[in-house]
Amino acid sequence: MVDEDLRTAYIALQTKSLDDDPDIPYLIKWILRRIYHRYGWTAMDHEGKSYCKWSFIGIFDTATAARWAAMVPGGSWMELPLNVSLPEETCQFRVHDFPRSSVSHEYRNRRLPLIAVPVDELEQLQRVTHSTDDLVQEYHAKSA
C-alpha cells in the first residue's frame, strides 16, 4: 500500500464514563485521566479488570458521523487506519475523543510519547527540515 492511499475509518465506542460515576472521588478521576493521557492506558483493578467497560457502536466513513454516534454517555470515537496495523507500542494516531466528557478538549489535544505517522507525511516533514537546514547553512556561510 502506498502511503498516499492510506485510508482511514472512524470507530465509535461506549464505555462507563468517569464523569457519570458518583462513587469515584475527583482526585481518583484526575489521576486516572493523567495515566490515560500520559501512557494511553486505562486503569486496571487488582484482578486485571479494566475500569472501562467497552461496547462497540459502529464504524463510520466520516468523523462527523462517528462523533454524532459517540454522543451517548461514555461515548468516544477515534480515527484508525484501514488495512494497516498500528504498532504494538501504545501510540497516538490522529483523533481520539470523548465528546460528552467535561475534559473532551484534553482527549482531543493529548500527546502520547509515541505517535503513528504515515511515511509520506514523515518524508514531507524531512524535506522541509532539510531545506531549512540548507538555508541556515547559507546564512552562516554569508555571515562568517
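Going by accessible surface with a 1.4 Å probe and the largest first, Asp133, Asp61, Asp21 read Asp61, Asp133, Asp21.
The length gained on full extension between Gln124 and Ala65, counted as 0.36 nm times the residue separation minus their Cα-Cα distance, comes to 18.3 nm. Count Lys and Arg as plus one, Asp and Glu as minus one, and take only other residues whose Cβ is under 9 Å from that of Asp97; the net charge is then +2. Between Ala9 and Glu106, the contour length at 0.36 nm per residue exceeds the Cα-Cα span by 32.7 nm.
Volume per residue of the convex hull around the Cα atoms, evaluated for the range 63-125, comes out as 115 Å³.
The values are calculated or read from the model by the stated rules, or taken from the named source; none is laboratory data. Since this is a predicted model, take the numbers as computed values, not measurements. Quick reminder, even Gly has a Cβ in these numbers, built from the backbone with ideal geometry, and neighbours come from all protein chains shown. For accessibility, only protein heavy atoms count, side chains too; no ligands or nucleic acids. Shrake-Rupley method; radii C 1.70, N 1.55, O 1.52, S 1.80 Å.
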